[in-house]
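Trainee: Have a look at this one before I ask anything.
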Amino acid sequence: MPKRPLDDRRHVAGVAVSPPLPDVPTPLLANLTPSQFMRRYWQKKPLLIRGAIADIAPPLSRNELFDLASSDEAESRLITHARGTWRLEHGPFEPDDLPSAKRREWTLLVQGVDLHDDRARALLERFRFVPDARLDDLMISYATDGGGVGPHFDSYDVFLLQVHGKRRWRISAQKDLTLKPGLPLKVLEHFEPDEEWVLEPGDMLYLPPHIAHDGVALGECMTCSIGFRSPSANELVGQFLYHLAERGSAAPAARGEARYRDPRQPAVTRPAQLPPAMVEQVGEILSRIRWNERDIVSFLGSYLSEPKAHVVFDAPERALGEAAFMREAARSGIRLDKKTVLLYGNQTYFINGEEERLPNPKKWLTELADTRQIEGQRFVTLSGDSAMTALLHEWYCAGWVRVGAFA
């Protein structure tokens, strides 16, 4: 493959980056504190941030991004626009499947890059002033001159960070969100921008949900989109009821082998009609559904920590035994794998969709969840707890935990 203008150097080390403290001003948020940003802008209005991250460079080079787009484990899309026609293709894509970088108006989107690359994960860490339960992923958009996905809106919050080249953004708080019919993309039928900026590397734009926007590449460019989960009410209701039913707690008065019964059902002449008695009885069964705060916590923790369908954990090829694991952890620490999601409530914790009671003492686990690592010296002070070391070794063997803290 010929060399492209965007070189292949590894620009960002795969290290942990601490999110800004709630009450400390940060360039990431236009010198606001995270507390001020959340109060004034989060879910309320857009914010343009010049120089959000100084000396920024793409977490992945273009060729590395193309390689990732060829993987079955990555979600990728190719969007082209020619002669007024939009075209959408889903990956994986071999490098030769992609258009030439000299061709105008095409875009490659690779979702969940943080799941595959430590540098992308380190960039995502900067945004953990928002709860992990809301944080979704980091997507990288590569575009040639004129490339974009058309004017559209998102139903979730997003930070749009320019990491290479320039992109012109136009936005609008318009109420008309009607989409053009018959397109493979969700493109607005009527887009009337009221603000416009050109973003250069290090600049960032925050957009709350339902702000119409259109980004067009000015030459070859790369943009990182940090997106946040915002499940719909229908999704939450459906998943929650499934969660209750799966655990046998949906209808306490009808557990076990209780089933629908109709001993007084008469013979019918209209067999296709729903029996009124059935409608009434099923209504009574559904009215018995009860839940409490513990059920809600159990649902949210399990649901929000569940890995996406394409996520695969890589167990170590030659796993260390527990004693050797403890020696290595005491020397170099441990860290959560970049694909691992670890959340906790008051009484339980959730790791990759599994729910367990918080251990006693629990401080080591909440510390690991919040910082995503335990340094070697800290591990030594905790290693007297055999239950903790056994559990961490189990996670290590599953590929959920890695030996070696962040540098």
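Trainee: What single numbered condition from (1) at pLDDT below 95; (2) on the phi > 0 side of the Ramachandran plot; (3) surrounded by 16 or more Cβ atoms within 10 Å (Cβ to Cβ); (4) not hydroxyl-bearing (Ser, Thr, Tyr) fails to hold for Gly333?
Mentor: (1)
Trainee: Same structure again: Since Ala245 meets every condition but one in (1) at negative phi; (2) modelled with pLDDT of 95 or more, which condition does it not meet?
Mentor: Ala245 satisfies all of (1) at negative phi; (2) modelled with pLDDT of 95 or more except (2).
Trainee: Moving on to the next point. Does segment 299-322 hold any residues that are in a helix (DSSP H, G or I) and either assigned by TED's automatic domain parsing to the domain that holds His116 or not small (Gly, Ala, Ser) (or both), and which are they?
Mentor: To start, the set of residues in segment 299-322 that are in a helix (DSSP H, G or I) comprises 299-305, 322.
Answer for segment 299-322, where residues must be in a helix (DSSP H, G or I) and either assigned by TED's automatic domain parsing to the domain that holds His116 or not small (Gly, Ala, Ser) (or both): Phe299, Leu300, Tyr303, Leu304, Glu322.
Trainee: Could I ask something else about it? Residues to consider are Ile285, Ile289, Ile296; find the one that is among the β-branched types (Val, Ile, Thr), part of a loop (DSSP other than H, G, I, E, B) and surrounded by 10 or more Cβ atoms within 10 Å (Cβ to Cβ). Please lay out each step first, then the result.
Mentor: Values: Ile285 fails: part of a loop (DSSP other than H, G, I, E, B); Ile296 fails: part of a loop (DSSP other than H, G, I, E, B).
Matching residue, one of Ile285, Ile289, Ile296: Ile289.
Trainee: I would also like to ask the following. Determine which member of the set Gly238, Gly219 is more than 15 Å from Leu109 (Cα to Cα), touching a residue at least 12 places away in the same chain (Cβ under 8 Å) and over 18 Å from the mean Cα position of the chain (by Cα).
Mentor: Matching residue, one of Gly238, Gly219: Gly219.
Trainee: Scan segment 59-85 for residues that are surrounded by 16 or more Cβ atoms within 10 Å (Cβ to Cβ) and in a strand (DSSP E or B) and report the count.
Mentor: So the count comes out to 7.
Trainee: Then there is this: Would you check which residues across segment 299-322 are touching a Leu at 6+ places or on another chain (Cβ under 7 Å) and either acidic (Asp, Glu) or surrounded by fewer than 16 Cβ atoms within 10 Å (Cβ to Cβ) (or both) and list them?
Mentor: Val311
Trainee: If you check every pair at least six apart or on different chains, which have Cβ atoms under 7 Å apart with a residue in segment 61-87 that is assigned by TED's automatic domain parsing to the domain that holds Ser100 and more than 16 Å from Ala143 (Cα to Cα) first and a residue that is among the aliphatic types (A, V, I, L, M) and not in a helix (DSSP H, G or I) second?
Mentor: If the second residue must be among the aliphatic types (A, V, I, L, M) and not in a helix (DSSP H, G or I), the pairs left are Glu73/Val312; Ala74/Val110.
Trainee: Inspect segment 31-47 for any residue being modelled with pLDDT of 95 or more, in a loop (DSSP other than H, G, I, E, B) and among the charged types (D, E, K, R) and give the result as yes or no.
Mentor: Just the residues of segment 31-47 that are modelled with pLDDT of 95 or more, to begin with: 31-47.
Now narrow it down to the ones that are in a loop (DSSP other than H, G, I, E, B): 31, 33, 41-46.
Retained after the next criterion (residues that are among the charged types (D, E, K, R)): 44-45.
Yes.
Trainee: Right, next: State the number of residues belonging to segment 348-375 that are within 18 Å of the chain's Cα centre (by Cα) and either within 12 Å of Met388 (Cβ to Cβ) or in a loop (DSSP other than H, G, I, E, B) (or both).
Mentor: Matching residues across segment 348-375 total 3.
Trainee: Somewhere in segment 126-133, is a residue at pLDDT 95 or above, among the aromatic types (Phe, Trp, Tyr) and in a strand (DSSP E or B)?
Mentor: no
The values are calculated or read from the model by the stated rules, or taken from the named source; none is laboratory data. Bear in mind that the values here come from a model prediction, so they are computed numbers and not experimental data. Cβ: placed from backbone, ideal geometry, glycine included. Neighbour counts: every protein chain shown.
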